[in-house]
1. Out of all the residues in the stretch 215-225, is one or more under 16 Å from the mean Cα position of the chain (by Cα) and either without any contact (Cβ under 8 Å) to a residue 60 or more places away in the chain or away from the ligand (no atom under 16 Å from the Cβ) (or both)?
2. Please give the number of the condition residue 207 fails out of (1) at pLDDT 95 or above; (2) near the ligand (Cβ under 9 Å from one of its atoms).
3. Pick from the stretch 56-65 the residues that are closer than 18 Å to residue 109 by Cα and out of contact with any helix residue (DSSP H, G or I) (no Cβ under 8 Å at 6 or more places or on another chain): which of them is nearest to the ligand (Cβ to nearest atom)?
4. Being closer than 22 Å to residue 84 by Cα and loosely packed, with under 15 Cβ neighbours inside 10 Å is the filter here, so list the residues in the stretch 128-162 that pass it.
5. Just to be sure, is residue 83 within 16 Å of the ligand (Cβ to nearest atom), touching a helix residue (DSSP H, G or I) at 6+ places or on another chain (Cβ under 7 Å) and touching a residue at least 24 places away in the same chain (Cβ under 8 Å)?
6. Anything in the stretch 191-200 that is surrounded by fewer than 21 Cβ atoms within 10 Å (Cβ to Cβ) and either away from the ligand (no atom under 12 Å from the Cβ) or within 15 Å of residue 16 (Cα to Cα) (or both)? List them, or say none.
7. Taking the condition within 16 Å of the ligand (Cβ to nearest atom) and within 16 Å of residue 193 (Cβ to Cβ), does residue 12 pass?
8. Answer yes or no as to whether residue 117 is more than 28 Å from residue 165 (Cβ to Cβ) and surrounded by fewer than 22 Cβ atoms within 10 Å (Cβ to Cβ).
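The values are calculated or read from the model by the stated rules, or taken from the named source; none is laboratory data. Worth saying up front: this structure is predicted, and the values here are computed from it rather than measured. Methodologically, a virtual Cβ is constructed for each residue, glycine included, from the backbone with ideal geometry; neighbour enumeration extends over all protein chains shown.
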Ligand SMILES: *Cc1c(COP(=O)(O)O)cnc(C)c1O
């Protein structure tokens, strides 16, 4: 099941030159190993403790992506090895990531989360906050982070037209930034958008990286579905 789903997704994504980030949160190590044996080397997790435990137990050539809301006091646990932090939503968090990356003599790739959904609860910058932070000298001075793009989550709705508009809006912001002159520690290479329910729409709107969980590993139990 897992291997077949991966293969189908890889084929589909190849047509768009997009990357797959299989989201393995709440799933047991056996499931991740099954994906590993099928050739997958990237996993997305949204809880620090769970990510660290899995990284310790599983093969060392895995790229771990942190996709959830990251608390500053937990950055230190993932800083030694995390490959990409998808959802950075404040300068304070960037500063902490920079500090912990420096301690580990690393440069940690990050994506800035943009708020595109109508729901209030979702994290992220709006367009004007994004512009402000990108040009903030305090960000430019952080030499142990590299912002490599943007990440967004569409509204949790069945309204396809709405989801499409939200992704389109994020792509527009991404393209505008890409065409502008950016500080040396910022580059617009990756646009992380799309999950199991909406990744096809996201690909059509220009996503370069989709975060897909349940379509690969099956449904998660509701209590752990965060
Ligand atoms: C859980 C999660 C996903 C994957 O969700 P699915 O609907 O299972 O594909 C993607 N992105 C983030 C930020 C998540 O927390």
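1. Checking the stretch 215-225: not a single residue is under 16 Å from the mean Cα position of the chain (by Cα) and either without any contact (Cβ under 8 Å) to a residue 60 or more places away in the chain or away from the ligand (no atom under 16 Å from the Cβ) (or both).
2. (2)
3. For the stretch 56-65, the residue satisfying everything is 65.
4. 135, 136, 138, 140, 141, 143
5. Spelling it out, it is not the case that residue 83 is within 16 Å of the ligand (Cβ to nearest atom), touching a helix residue (DSSP H, G or I) at 6+ places or on another chain (Cβ under 7 Å) and touching a residue at least 24 places away in the same chain (Cβ under 8 Å).
6. 200
7. yes
8. no
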